[in-house]
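Here's the structure we're looking at; comments come further down.
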Amino acid sequence: MANVVTADHLSDKPITSYDELLSLFHESVKPKERFRVGAEMEKFGVFASGDPLPYEGEAGVLAIMNELAATKGWKAEAEFEGGPVLALLRDGASITLEPGSQFELSGAPLTHAHEICAEFRGHLAELAPFSEKHGIKWLGLGFHPFATREEFTMVPKQRYAIMREYLPTRGGLALDMMLRTATVQANYDYLSEDDAMHKLRVALKLSPLTTAMFANSPFVEGKPFGGKSMRAKVWLDTDPDRSGLVPMVWKKNSKFVDYVEWALDVPMFMFKRDGKKFANTGQSFRSFWKSGYQGHKPTMSDWKTHLNTLFPEVRLKNTIEVRGADSQGAKLACALPALWTGILYDKQALAEADALTADWTYDEVNATRKEVWNKGLGARFRGATLQPIAEKVLTLAAGGLERRAFLSPSGKDERAHLTRLEELVAKGETPADRLLDGIEHVRDMRAEIIARCDLGAGS
């Protein structure tokens, strides 16, 4: 039987003061020696036909999760007693499902990129027996290369059902975000309020550059769509209330309260009481706090849940979550966490990145964000392409990783995980450019796309 996890179990304390809204962030500060990196890697499971894995069925993701729970020590989790399995937990890591059954490994908090890569390889190895038995390939890219919206079955999570109805009222591509996108993200700790806001500000300013460097979704419904990242294009037409670059935290002296003020005015999806869901879509958290909903007042767990339904390019919660990259193939799977570890966990690199972006304005960075889906590193910023800025940022990150000096068993430091990315950036290319190389001359494009994106093949 699956364990039941609900938001109510986190904290049912009613919110009585503004300080309590801030407390989640203040209580998350930690000393540098306890800093860790938590990577999140999503992927698409497909059959040889290119059809997406369903939730149920002999070869669905539910069957995979049940097998992992039975044979690999994972603990199954459900939202409510008797509910469907939606997640697995083990040793600080979790396996979760996005709405279209995108299979996500949320890794345990680890010290360095070598451990993150080993964890991801171990995860793929655990999936291999089931995958081989059922002819499943796992694809690392940012948008499903074949399936239409109609080919997906929605994962039966309460929040997803509400999102399916609400988000299309906020953006024409919102359902594509839910069903057809996949990402790699990384989470970072902070030393203090000033440290958190410093990291958040720098990461937001560099977010379009991150998206460009990791652009890796050039296919839609079996053919190139003309751009480099369909995932990035989708996010431009999903929900402007809860996404984007959070301009109110760009000022030099920004504080937690600036992020909280933004979060309070974002509409909610839902809250739960005694296992029952209340869909209060369209009501801001500020309104819920001040006026309630059907006699209910918000608790701290409602606040935490709400913060996790915000989707800016970099998110503040108990960590700083960098969110702007497409999911990657095997050779670049660890590059995103390595890149941002080198910048955010090295004092010198962070200061240099801050200096690089100090006079960048929200308007000009946001304008570039609207181009990177199409042009990748060829997008323009201040009259030039993003390529030289990407090279500079990679140099800063490499310096930080070298100074950290965490070595693999073969004696290499974490810079090894940037090598492939450095090769691409030096040529002004993105992962999408490599996927597209010669594809127009391939007779069986579907089979070729699967072969190029297959995580098990070391793509």
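The values are calculated or read from the model by the stated rules, or taken from the named source; none is laboratory data. Given the structure is predicted, the values throughout are model-derived calculations rather than measurements. Heads up, the Cβs are rebuilt from the backbone with ideal geometry, glycines too, and the neighbour counts pull from every protein chain shown.
Brief remarks on what is shown
- Selected residue (only one of 123, 114 is assigned to a helix (DSSP H, G or I) and within 24 Å of residue 55 (Cα to Cα)): 123
- Close pairs from region 154-169: first under 19 Å from residue 62 (Cβ atoms), partner aromatic (Phe, Trp, Tyr) and surrounded by 18 or more Cβ atoms within 10 Å (Cβ to Cβ), Cβ under 7 Å, at least 6 apart: 154/160; 155/55; 156/55; 159/269
- Scope region 194-236; condition under 16 Å from residue 424 (Cα atoms) and out of contact with any Pro (no Cβ under 9 Å at 6 or more places or on another chain); matching residues: 209, 210, 211, 212
- Residue list for region 440-459, filter: surrounded by fewer than 16 Cβ atoms within 10 Å (Cβ to Cβ) and either part of a helix (DSSP H, G or I) or in contact (Cβ under 8 Å) with a residue 24 or more places away in the chain (or both): 440, 441, 447, 448, 451, 457, 458
- The single condition among (1) surrounded by 19 or more Cβ atoms within 10 Å (Cβ to Cβ); (2) in contact with a strand residue (DSSP E or B) (Cβ under 9 Å, 6 or more places away or on another chain) that residue 364 does not meet is (1).
- Meets criteria (touching a residue at least 24 places away in the same chain (Cβ under 8 Å) and outside any helix (DSSP H, G or I)) for residue 184: yes
- Filtered residues of region 127-147 (kept if more than 22 Å from the chain's Cα centre (by Cα) and either buried (at least 16 other Cβ atoms within 10 Å of the Cβ) or farther than 17 Å from residue 452 by Cα (or both)): 128, 129, 130, 131, 132, 133, 134, 136
- If you go through region 246-266 and keep only what is within 24 Å of residue 169 (Cα to Cα) and surrounded by fewer than 16 Cβ atoms within 10 Å (Cβ to Cβ), you end up with 247, 261, 265.
- All of 135, 140, 171 fail the test of being closer than 25 Å to residue 447 by Cα, in contact with a strand residue (DSSP E or B) (Cβ under 9 Å, 6 or more places away or on another chain) and of a type in the set (Gly, Ala, Ser), apart from 140.
- Identification of strands (runs of 3 or more DSSP E) wholly contained in region 263-347 with 3 or more residues that are closer than 30 Å to residue 404 by Cβ yields 314-316, 320-326.
- Test: residue in region 274-284 that is in contact with a strand residue (DSSP E or B) (Cβ under 7 Å, 6 or more places away or on another chain) and under 22 Å from residue 81 (Cβ atoms): yes
- Checklist (1) in contact with a Lys or Arg (Cβ under 9 Å, 6 or more places away or on another chain); (2) at pLDDT 95 or above applied to residue 6, failing item: (2)
- Residues being surrounded by fewer than 24 Cβ atoms within 10 Å (Cβ to Cβ) and under 12 Å from residue 365 (Cβ atoms) - total across region 211-245: 2
- Just so you know, in region 326-356 the residues that are of a type in the set (S, T, N, Q) and within 20 Å of residue 143 (Cα to Cα) include one that is nearest to the chain's Cα centre (by Cα), and it is 327.
- The set of residues from region 87-108 being more than 17 Å from the chain's Cα centre (by Cα) and either of a type in the set (Asp, Glu) or closer than 12 Å to residue 69 by Cα (or both) comprises 88, 89, 90, 91.
- Residue in region 188-208 that is polar (S, T, N, Q), surrounded by 23 or more Cβ atoms within 10 Å (Cβ to Cβ), touching a strand residue (DSSP E or B) at 6+ places or on another chain (Cβ under 7 Å) and part of a helix (DSSP H, G or I) present: yes
- Cβ-Cβ under 7 Å pairs, at least 6 apart or on other chains, region 420-439 side buried (at least 16 other Cβ atoms within 10 Å of the Cβ), far side of a type in the set (Lys, Arg): 420/331; 430/228; 432/228; 435/452
- Filter pass, residue 394 being in a helix (DSSP H, G or I), farther than 15 Å from residue 215 by Cβ and under 22 Å from the mean Cα position of the chain (by Cα): yes
- Checklist (1) in a helix (DSSP H, G or I); (2) of a type in the set (A, V, I, L, M, F, W, C); (3) surrounded by fewer than 17 Cβ atoms within 10 Å (Cβ to Cβ) applied to residue 162, failing item: (3)
- Counting the residues of region 268-291 that are touching a residue at least 60 places away in the same chain (Cβ under 8 Å) and of a type outside the set (Phe, Trp, Tyr) gives 9.
- The one condition in (1) surrounded by 14 or more Cβ atoms within 10 Å (Cβ to Cβ); (2) over 23 Å from the mean Cα position of the chain (by Cα); (3) hydrophobic (A, V, I, L, M, F, W, C) that residue 29 fails to fulfil: (2)
- Within region 267-277, the residues that satisfy the criterion of being surrounded by 17 or more Cβ atoms within 10 Å (Cβ to Cβ) and not charged (D, E, K, R) are 267, 268, 269, 270, 271.
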